[in-house]
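The values are calculated or read from the model by the stated rules, or taken from the named source; none is laboratory data. This one's a predicted model, so the numbers in the text were calculated from it and none came from an experiment. Neighbour counts are summed over all protein chains in view; Cβ atoms, including those assigned to glycine, are modelled from backbone coordinates with ideal geometry.
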Amino acid sequence: MSPPRAKRLLAEAANCDPAAIADDAAIGSFESWDSLAHLRLVLALEERIGRQLDPDESVRIETLSDIAALLAANE
Amino acid sequence: MTIHTKGRPVLLTSKRFALRSLKPTDASERWISWLKDPEVMGPLNAPIRKWTAQELMAHIGSADNDNRYLIGLFDLASKLQIGFYMVDVDQFHRRATFNVVIGDRSWWGKSVVNETRAALLDEFFNNRGVEKASGTPLARNFPAVFNYKAQGWRHEGTFRRQCLSVTDGSRLDQYQFGLTRDEWRAIRLEDAQ
C-alpha cells in the first residue's frame, strides 16, 4: 500500500479526493493528474523536502510509488 | 521581406483545434503579447521580445514548410489562435524537433499540447518522411516534461547545466526526449484497441 502522505500530496496537486487515487496511479492514469497538477506536485515535493530536486530525481517522478520513494529517501 | 514557400503547408484538425502553417498575415497583436509575457516565455528560456508586427511577419516568413515549420493552433470554436509550434526538420537524418508555445493562458492545463502534437506526429511520421521526433525541454519546465511522458516519449538523457538562463544568468539543465516512428505507431495501435 502506498504511504498516505504521498497520496495526499498528489491529491492536493491534482485537486481530487485521495480516495479516488489508485495505489498504482501513474502519469496518464487519471485525468486530474495533468501538466499543471504535475507542476504543483513537484513544487510541493520540493517544499516538503526543503530543497530543489535535481534533474535526475524530478524526471523519475512517474508514479505514486515514485513520490512515496522520494519522500522516504528524504526523511 | 523574404517569404519561403518551399514545402507543402500543414493543414490538420484535431478534436478541438485546427493546425495550419502560418503566413506572415497571421501576425497579430495577440501573438506579439505572448512574446512579451514572462510567464509564457520563461519556461522556454526565451528572451522577452518586443517585436513589431513587421518583425513578427519576417519571422513567420522565414519558415519554409520544409526545414522549418511554424504551425498555428486555432481553437475551432472561437477561431482564435492560442499558440504555435515550431518544428525543425533535419532532412538527412529524417528527424524533427518540436517546440510549442501555448500563448493563451486560459488553455493551460487543458491537454492542448498532447492533443495537437499527436496530430502533428501522425502527419510528420506518416506523410513527411520523419522517422524520429525529438524535444528538449528545460528540466524545470515540469508541465512540458509531464506532457512528453504522458504521450509516451522516452527520456533519452539529461544535459547538465546546458544553457544560460536569459533572466538571471544561471546555468540550466535540459532533457532530451525522443520518440521513434515505430514507437508512435505502437502507441496509436494500443490507443485504438
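If you go through the stretch B:115-126 one residue at a time, do you hit one that is touching a Ser or Thr at 6+ places or on another chain (Cβ under 8 Å) and β-branched (Val, Ile, Thr)? Yes, there is a match, as at least one residue in the stretch B:115-126 is touching a Ser or Thr at 6+ places or on another chain (Cβ under 8 Å) and β-branched (Val, Ile, Thr). When B:Arg105 is tested against (1) crowded, with 17+ Cβ neighbours inside 10 Å; (2) in contact (Cβ under 8 Å) with a residue 60 or more places away in the chain; (3) out of contact with any Lys or Arg (no Cβ under 9 Å at 6 or more places or on another chain), only condition (1) is not met. Once the stretch B:1-21 is narrowed to residues that are touching a Ser or Thr at 6+ places or on another chain (Cβ under 8 Å) and loosely packed, with under 13 Cβ neighbours inside 10 Å, the residue that is modelled with the highest pLDDT is B:Leu11.
Figure legend. Inter-residue proximity from the stretch A:18-32: first residues within 14 Å of chain B (Cβ to nearest Cβ), second residues assigned to a loop (DSSP other than H, G, I, E, B) and among the hydrophobic types (A, V, I, L, M, F, W, C), beta-carbon distance below 6 Å, spacing 6+ or different chains. Indicated pairs: A:Ser32/A:Cys16. Among the residues in the stretch A:48-64, are any more than 9 Å from chain B (Cβ to nearest Cβ), part of a helix (DSSP H, G or I), surrounded by fewer than 16 Cβ atoms within 10 Å (Cβ to Cβ) and not hydrophobic (A, V, I, L, M, F, W, C)? Scanning the stretch A:48-64 turns up at least one residue that is more than 9 Å from chain B (Cβ to nearest Cβ), part of a helix (DSSP H, G or I), surrounded by fewer than 16 Cβ atoms within 10 Å (Cβ to Cβ) and not hydrophobic (A, V, I, L, M, F, W, C). All of B:Val89, B:Val101 fail the test of being within 14 Å of the chain's Cα centre (by Cα) and more than 30 Å from A:Ala13 (Cβ to Cβ), apart from B:Val89. Within the stretch B:22-58, being of a type outside the set (A, V, I, L, M, F, W, C), crowded, with 17+ Cβ neighbours inside 10 Å and touching a helix residue (DSSP H, G or I) at 6+ places or on another chain (Cβ under 9 Å) holds for B:Pro24, B:Asp26, B:Pro43. In the stretch B:142-161, the qualifying residues are those that are crowded, with 17+ Cβ neighbours inside 10 Å and more than 9 Å from chain A (Cβ to nearest Cβ), and the one that is nearest to A:Gly28 (Cα to Cα) is B:Tyr148. A:Leu9 meets the stated requirement of being part of a helix (DSSP H, G or I) and either away from every other protein chain (no Cβ under 14 Å) or over 11 Å from the mean Cα position of the chain (by Cα) (or both).
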